[in-house]
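*Asks:* Could you have a look at this structure, given as structure tokens, before my questions?
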Amino acid sequence: MSRLHAEFVRRGPYLYVVDLGLSRNGTRVNGRPIARRVLDDGDVVSFGAARGRIGGVPREDFTPEVELRRAAAPELTRREVDVLTSLCRPALSDEAFVAPATAREIADDLVVTEAAVKQHLLRLYQKFRIPEGTNRRTRLANEVVALGLVRPTPVVPPQRSGSPTEQPSAAGRRAS
């Protein structure tokens with residue numbers, strides 16, 4: 001089991017397990033690999049050879065003030081939203097065990113310098129109160145997704161006209 005294998009997060013009446021993407025074996029719930037998942041009473045969580053059964057979080061424990069204590073999302077610039085969207089894009093895919101995008105990947109995606117991305121990330125860590133330490137990008141991405149600020153965007157397949165080998169002529173493209 002890795003030192004930073006997964007994280008358990010409580011949000012109101014729910015308990016989540018979030019794989020941090022840093023282990024060779026990943027995190028499994030009831031034998032199935034997960035990236036993040038809400039846990040139910042009796043679920044078996046596995047980290048490599050280590051296993052544990054979840055006893056559940058009683059719903060009676062939930063009080064509205066638990067949710068009220070959570071700070072509202074900070075005000076963000078358009079560029080900060082772009083950085084967060086690019087940061088979280090890998091984590092919102094259907095693939096298991098993915099890490100958030102690196103500063104270099106975000107820079108390439110947004111066509112800016114890596115230094116500019118790092119400055120944005122530093123401001124975002126402050127705005128979301130993400131303390132220094134390991135997995136800072138992962139913790140920021142988890143917070144952003146948990147707040148619902150970044151959501152997966154549905155992939156819309158391009159519309160096709162005619163047969164797969166048929167390409168419209170230049171005149172046909174101008175007419176449409």
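Read the figures in this text as sums done on the coordinates, not as results from a lab. Note that the structure is a prediction, hence the values are computed from the model and not measured. Cβ sites come from the backbone with ideal geometry, for glycine too, and all protein chains shown count toward neighbours.
*Asks:* Ranking request for peptides 47-53, 32-38: highest mean number of other beta-carbon atoms within 10 Å first, then the rest in descending order.
*Replies:* Ranking the peptides 47-53, 32-38 by packing returns 32-38, 47-53.
*Asks:* Would you mind calculating the relative contact order of segment 71-146 from Cα pairs under 8 angstrom and at least 6 residues apart, reporting the percent as a whole number?
*Replies:* Computed value for segment 71-146: 31 percent relative contact order.
*Asks:* Still on this model: Quick one: ILE130, ILE54, fewest Cβ neighbours within 10 Å first, how do they rank?
*Replies:* Listing ILE130, ILE54 from fewest to most nearby Cβ atoms yields ILE54, ILE130.
*Asks:* Gain in length, ALA116 to VAL98, computed as 0.36 nm per residue apart minus the alpha-carbon separation, to one decimal in nm?
*Replies:* My answer for the length gained is 4.1 nm.
*Asks:* Separate question: Please report, in debye to the nearest 20, how large the charge dipole of segment 71-146 is about its Cα centre when each Lys and Arg carries +1 at its beta carbon and each Asp and Glu carries -1 there.
*Replies:* Result for segment 71-146 is approximately 320 debye, rounded to the nearest 20.
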